[in-house]
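Take a look at the structure below.
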Amino acid sequence: TDLPMGSICVVDTKPRTPMKWEMEVLRTLADQIGANLRLRVEKKENQVLIKKLQEQELQLVEAKRIAEQNAKYKAEYLATMSHEIRTPINAVIGMSDLLAVTELSEQQLECSKIISTSSRALLQLINNILDVSKIEQGKLE
């Protein structure tokens, strides 16, 4: 803005009206002082903004570190759970396959097929969940 920021006082030994060139020099001096003051204010404002940006950057770096650590924990958890869940399901599948080749009544054979089909479906569901997790990590082969 072009609002006045202060005043310049010039004292002479005798009262007189300043000459045109003297007024131009004083106006130029005042403009330069005003520009300098505006630059100082802008510099201070910029320093404040830079400090805020640096603080935000530190917060973002910390948030990224936490997100990466959480992703690692999730991957480790899923790998452990994958093994812990697949092992008993594979046992159920294997035992239902063995049961199916023994002498069974029609009702027992139907139950054995249901066990086999359900356990295979559950294993496929677990594999799909783990595939989604691998996709999230960029590790799907």
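The values are calculated or read from the model by the stated rules, or taken from the named source; none is laboratory data. In this text the structure is predicted, and so the values were computed from the model without any measurement. Virtual Cβ from ideal backbone geometry, glycine too; neighbours counted across all protein chains shown. Quick note on the areas: whole protein, heavy atoms, side chains included, nothing else; ligands and nucleic acids left out. Shrake-Rupley method; radii C 1.70, N 1.55, O 1.52, S 1.80 Å.
Annotations
- Rounded tilt (10° steps) of 20-100 against the dominant C-alpha axis of the chain: 0 degrees
- With protein chains left intact and a 1.4 Å probe, residues in the chain average 87 Å² of accessible area per residue.
- The chain, relative contact order [Cα under 8 Å, separation at least 6], %: 20 percent
- Among the trypsin sites (Lys or Arg not before Pro) found in the stretch 33-141, those both in a DSSP coil and sparsely packed, with 16 or fewer other Cβ atoms within 10 Å of their Cβ, are K139.
- Working from label points 7 Å from Cα in the Cα-to-Cβ sense, the E62 to I135 distance is 3.4 nm.
- Those lysines that a straight Cα-Cα span of less than 28 Å connects to K113, excepting residues fewer than 8 apart in one chain: none
- Correct choice for mean projected area of the Cα convex hull in nm² that was computed from the model, options (1) 8.4; (2) 9.3; (3) 17.4: (3)
- Cβ-placed point charges (K, R +1; D, E -1), dipole of the chain about Cα centre in debye, nearest 20: 1040 debye
- Residue-averaged [θ]222 nm for the chain, counting only DSSP H segments that reach four residues, each worth -39500 (n - 2.57): -30000 deg cm²/dmol
- Rounded tilt (10° steps) of 106-137 against the dominant C-alpha axis of the chain: 20 degrees
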